[in-house]
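Notes follow once the structure below has been shown.
The values are calculated or read from the model by the stated rules, or taken from the named source; none is laboratory data. Since the structure is predicted, the reported quantities are computational estimates derived from the model, not experimental observations. Here the Cβ positions follow ideal geometry from the backbone for every residue, glycine too, while neighbour counts run over all protein chains shown. These area figures cover heavy atoms from the full protein model, side chains too; ligands, DNA and RNA do not enter into them. Shrake-Rupley method; radii C 1.70, N 1.55, O 1.52, S 1.80 Å.
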Amino acid sequence: MRYLPLTESDRGAMLAAIGASSVDDLFRDVPAEARLARALDLPNHAGEMEVERRLSALAAPNMTAGSVPFFLGAGVYRHHIPAAVDALIQRGEFLTSYTPYQPEVSQGTLQYLFEFQTQVALITGMEVANASMYDGATACAEAAAMACRITRRPEVLLSGSLHPHYRAVTATALQHTGHRIEELAPDPVGIEDLMGRIGGDTACVVVQNPSFFGGLRDLAALAAACRAEGALLVVAVAEPVSLGLLKSPGAMGADIVIAEGQSLGVGLSFGGPGLGLFATREKYVRQMPGRLAGQTVDADGRRGWVLTLSTREQHIRREKATSNICTNSGLCALAFSIHMTLLGEQGFRRLARINHAAAAKLAARLRAIPRVRVLARRFFNEFALLLPTAAAPVVEELAARRILAGVPASRFYPDFPELADVLLVAATETATESDMDALAAGLAEVLK
Amino acid sequence: MTGYRDGHRGILLEEPLIFEQDSPGCSGVDLPEVEGAEDTLDGLLREGPIGLPDLAEPSVVRHYTRLSQKNFGIDSVFYPLGSCTMKHNPRLNERMARLPGFADIHPFQPETTVQGALALIDECARWLKTLTGMPAIAMSPAAGAHGELCGLMTIRAALDARGEARRRVLVPESAHGTNPASAAACGYMVDSVPANARGRVDLAALKAKLGPDVAAFMLTNPNTCGLFEDEILEIAAAVHAAGAFFYCDGANFNAIVGRVRIADLGADVMHINLHKTFSTPHGGGGPGAGPTVLSHALAPYAPLPLVIHDAGGLRLVEHPLDPALRATGAAPLGRLKGYHGQFGTFVRALAYMMSHGADGLLQASSDAVLAANYLLAELSGDLTPSYPGPCMHEALIDDRFLKDTGATTLDIAKALIDEGFHPMTMYFPLVVHGALLIEPTETESKATLDAFVATLRDIVRRAKSGEGPALREAPHLAPRRRLDETTAARQPQLRWFPPAPAKAAE
């Protein structure tokens, strides 16, 4: 087996050194009746070519985004990833290292985490950010729990603008911890009354901007209302590229910002792994979940980095930890950070403008189709379309014509018949003019 | 110490932060400018600069390459970090995860366009169920601790369905910190079970703590002392007799893959760390994956999404109102993760499992255990193993051998760095004093193991012959010497700030 360097003679010599008669002898603590006496119903080892052949056969039937006109979003966005990102994250010293518990030989990881934390703080307009969470949805649940710890209040108010998976994950994660989750109905046009729902029990209000349905809003008034009631404002950002164009959540008064970082550097990968971004105000840092890299000096007085404030974490604090998280999304954070560094200030802002321009162009084109309406007046790179018929069959029909048109809202909200005709459509810098032509023509034809 | 301009020492290069290399006018991308599209966004637009640095691609590539050179990784050094299973990461797995048919598909494409991806999840699930002997699996947990939460939540859901309000979870004192943290996140009180003199669960103490308020007993097996719990069948029977569930923490599954199925040990649930046992890379701290196998009693509560077979092929069940759930009587506990789990990690794990096959997986766990016992035997003359062998995949040593040397476990670990080895896990588990937990894995050659033994013995002999205090200065040759963690925690500096502008002359 190509991954196993011990030879039969090595094994013999090692057993002799141990004083064991066989490897089976080393397993003598396993109760005899629990030992597996027969072969498992699995194939034996296979060479690289054979494995590649078998897995390629599973990859081949999938319709890849790059091979068709593609307009899906709903929390996962397809952006061009510069070639340098993947080349650099595959360096073995990054790929095959562990969590940087030995800082003297992990300065590479620690320094990029420190840079990543700074980038995340800058784009979200917050003071501090952690070294990443699993994904946006789990980061959202952690943010809600953190707000409850800070305010010592039980109620979490989830806006109808919030991604349905973020809502579901938050409600699931907090179901046994004495919290109350208030979920507002899905809100495709941005008319819900959040301010009227904030009360003395409210720990936090969680809103998404751009909304799950694409709409944008200024959150300053909501932030003020939260402050007045002693609640925290948690802002979710499912498309971080939007932060290159829009006012940051921090500037609008957010107390905690969580985001899905997948858009930058990570890629689609059928939705996982993702990258949870988590940022907050400095005064809350000791209530924050997750790892933190911090700056210090070494014995020679040289600048260096370590994992710090770990007394919040499970390996020190056990059942009193701020979270149970251990493994997070280090390599995805690196990919995000490299992509962000390649973009820089100019590139990041320009990328955001290109995305918005693409969506604006696409919306204008689709709006021209009879009986099709664009729901939001103001959006970033994604918007909700109201079709004259159920969206899901339209999407299937277009997929049969090799167009991946968007995501029907009914996939998340089958119990809301008023959303049956709603289709989420996103356009990033990867959408070409001819892609847009194909979608507009295909949709017009299917709706005929 | 350095004596060289800018602190460089040959290939060990000092590298400033990206923020200190800002070169306005440069860019690492070529994107066209667009104008005028944001007319409708009045009042919503960002004002003022963000503060990100601008660098051209060559500077970016050099920056991250230099950072990488400051890291130890499995690719370059022996990395015997106990409990972390730092084994070789095959590059075939990386190539497979990057096939466009896996990497360039969106989670919300129509299911008809992703049948191969759903088949991959299903096939990965089949291997994991077969290797554990368990009938069901929740694929979506993102990491080991997330799998723990998943398992405990299924237990809670099953107990709620029975109308039993059990509120206590028992955890051995040697457990990973995630166990009690996950139990607390699931709303349980945590109660610790002591170890016996043999480094295993004290069965009598466990039985004394079991009662009608106990929901589950969580046990890592092989345990965190690297020992197989030889009374595990009695443990499982006692836990079940008390009406509680038996949670197996799969962190150390690497020792027994292909040789023991946890179903045959009486487990009700176990999470599997794909980034340990199945070698999807650790990546400096993730992403991992923690699929969680479940017994028949817990299977109905598995979180969404589920992959099921129906007339049209494979299908995702993503919503609690999906009719397929009613048909089977399943009652998912909710959703633990966005989308469909760590798909890219599943691809890597399946490539690993297919490459090894049933025979290779058995050989791998055998070699992992053989290597750990070899280290235990070779080191036992100079160091002090905490328990007599055989051990499983990792060897536990405590610091009795350092008595009166003036050196500590930490010093031994740091001295290894200067010799080109990553340290072992230190000070864990907590049940022995000054623990050194050494996990070699199956992917190291005998020559590497011998070199490690010789080096570690040499360091220990130096410590015993009066050089103990000098070891406190190690490491000398790493990119950094020991870092001041106390100041880092007292005055946290968690991000870069631009230097304050020079004060005007007064």
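For this structure, a couple of remarks:
- Only listed residue being part of a strand (DSSP E or B), under 28 Å from the mean Cα position of the chain (by Cα) and without any contact (Cβ under 8 Å) to a residue 60 or more places away in the chain, chosen from A:LEU385, A:LEU398: A:LEU385
- Selection status of B:LEU219, at pLDDT 95 or above, in a strand (DSSP E or B) and not assigned by TED's automatic domain parsing to the domain that holds B:ALA395: yes
- On inspection, A:GLY267 passes the criterion of being open to solvent by 10 Å² or more (accessible area, probe 1.4 Å) and modelled with pLDDT of 95 or more.
- Options A:ILE338, A:ILE354: the member that is within 20 Å of the chain's Cα centre (by Cα), over 23 Å from B:LEU483 (Cβ atoms), at the interface with chain B (Cβ under 7 Å from one of its Cβ atoms) and hydrophobic (A, V, I, L, M, F, W, C): A:ILE338
- Taken together, the criteria place B:LEU361 among residues that are among the aliphatic types (A, V, I, L, M) and either more than 10 Å from every other protein chain (Cβ to nearest Cβ) or touching a Gly at 6+ places or on another chain (Cβ under 6 Å) (or both).
- Test result for A:GLY271, in contact with a Phe, Trp or Tyr (Cβ under 6 Å, 6 or more places away or on another chain) and over 26 Å from B:LEU45 (Cβ atoms): yes
- Residue satisfying all of: in the range B:180-219; among the polar types (S, T, N, Q) and open to solvent by 10 Å² or more (accessible area, probe 1.4 Å); farthest from the chain's Cα centre (by Cα) among these: B:ASN196
- Options A:PRO370, A:PRO414, A:PRO393: the member that is open to solvent by 50 Å² or more (accessible area, probe 1.4 Å), touching a His at 6+ places or on another chain (Cβ under 9 Å) and more than 25 Å from A:GLY267 (Cβ to Cβ): A:PRO414
- Here B:SER386 does not qualify as outside the structural domain of B:ILE256 (by TED's automatic domain parsing), among the hydroxyl-bearing types (Ser, Thr, Tyr) and open to solvent by less than 20 Å² (accessible area, probe 1.4 Å).
- Test: residue in the range B:235-246 that is assigned to a loop (DSSP other than H, G, I, E, B), farther than 30 Å from B:MET86 by Cβ and touching a residue at least 60 places away in the same chain (Cβ under 8 Å): yes
- Counting only strands (runs of 3 or more DSSP E) that sit wholly inside the range B:274-343, those with at least 3 residues that are touching a residue at least 24 places away in the same chain (Cβ under 8 Å) and touching a helix residue (DSSP H, G or I) at 6+ places or on another chain (Cβ under 7 Å) are B:292-294, B:313-317.
Residue by residue, here is whether (1) open to solvent by 10 Å² or more (accessible area, probe 1.4 Å); (2) more than 9 Å from chain B (Cβ to nearest Cβ) holds:
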{"residue": "A:THR96", "(1), (2)": "no, no"}
{"residue": "A:GLU104", "(1), (2)": "no, no"}
{"residue": "A:GLN107", "(1), (2)": "no, no"}
{"residue": "A:GLY125", "(1), (2)": "yes, no"}
{"residue": "A:ALA129", "(1), (2)": "no, no"}
{"residue": "A:LEU157", "(1), (2)": "no, yes"}
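- Condition check for B:MET139: open to solvent by 10 Å² or more (accessible area, probe 1.4 Å) and either facing chain A (nearest Cβ under 10 Å) or on the phi < 0 side of the Ramachandran plot (or both): yes
- Within the range B:88-111, the residues that satisfy the criterion of being out of contact with any Pro (no Cβ under 7 Å at 6 or more places or on another chain), within 22 Å of B:VAL77 (Cβ to Cβ) and part of a loop (DSSP other than H, G, I, E, B) are B:HIS88, B:PRO90.
- Selection count where residues are more than 10 Å from chain A (Cβ to nearest Cβ) and within 15 Å of the chain's Cα centre (by Cα), scope the range B:253-273: 5
- Among (1) facing chain B (nearest Cβ under 7 Å); (2) open to solvent by 40 Å² or more (accessible area, probe 1.4 Å), the one test that A:MET14 misses: (2)
- Between B:ILE105, B:ILE121, the distinction of being open to solvent by less than 30 Å² (accessible area, probe 1.4 Å), among the aliphatic types (A, V, I, L, M), in the same structural domain as B:THR292 (by TED's automatic domain parsing) and within 24 Å of the chain's Cα centre (by Cα) belongs to B:ILE121 only.
- Residue ID - surrounded by the most Cβ atoms within 10 Å (Cβ to Cβ), chosen from residues in the range B:168-179 that are modelled with pLDDT of 95 or more and at the interface with chain A (Cβ under 10 Å from one of its Cβ atoms): B:VAL169
- Within the range A:373-390, if we keep just the residues that are open to solvent by 50 Å² or more (accessible area, probe 1.4 Å) and of a type in the set (D, E, K, R), the residue that is farthest from A:LEU419 (Cα to Cα) turns out to be A:ARG378.
- Some residue of the range A:28-41 being more than 7 Å from chain B (Cβ to nearest Cβ), at pLDDT 95 or above and open to solvent by less than 30 Å² (accessible area, probe 1.4 Å): no
- For first residues located in the range A:1-27 and touching a residue at least 12 places away in the same chain (Cβ under 8 Å) and among the basic types (Lys, Arg), partners that are assigned to a helix (DSSP H, G or I) and buried (at least 19 other Cβ atoms within 10 Å of the Cβ) and lie 6+ apart or on another chain with Cβ distances below 7 Å form the pairs A:ARG11/B:LEU370.
- Within the range B:152-164, the set of residues being in contact (Cβ under 8 Å) with a residue 12 or more places away in the chain and within 12 Å of chain A (Cβ to nearest Cβ) comprises B:LEU152, B:MET153, B:THR154, B:ILE155, B:ARG156, B:ALA157, B:LEU159.
- One residue alone among A:GLU260, A:GLU282 is outside the structural domain of A:ARG353 (by TED's automatic domain parsing), touching a residue at least 60 places away in the same chain (Cβ under 8 Å) and under 30 Å from B:PHE346 (Cβ atoms), and that residue is A:GLU260.
- If you filter the range A:317-326 down to residues that are over 16 Å from A:ALA137 (Cα atoms) and within 7 Å of chain B (Cβ to nearest Cβ), you find that the one that is most open to solvent (accessible area, probe 1.4 Å) is A:GLU319.
- Any hit, the range A:54-74, residues being touching a helix residue (DSSP H, G or I) at 6+ places or on another chain (Cβ under 8 Å), over 30 Å from B:ASP418 (Cα atoms), of a type in the set (S, T, N, Q) and surrounded by 23 or more Cβ atoms within 10 Å (Cβ to Cβ): yes
- Scanning the range B:423-443 for residues that are touching a residue at least 60 places away in the same chain (Cβ under 8 Å), in a loop (DSSP other than H, G, I, E, B) and out of contact with any Pro (no Cβ under 7 Å at 6 or more places or on another chain) yields B:PRO423, B:PHE428, B:PRO429, B:LEU430, B:VAL431, B:VAL432, B:THR441, B:GLU442.
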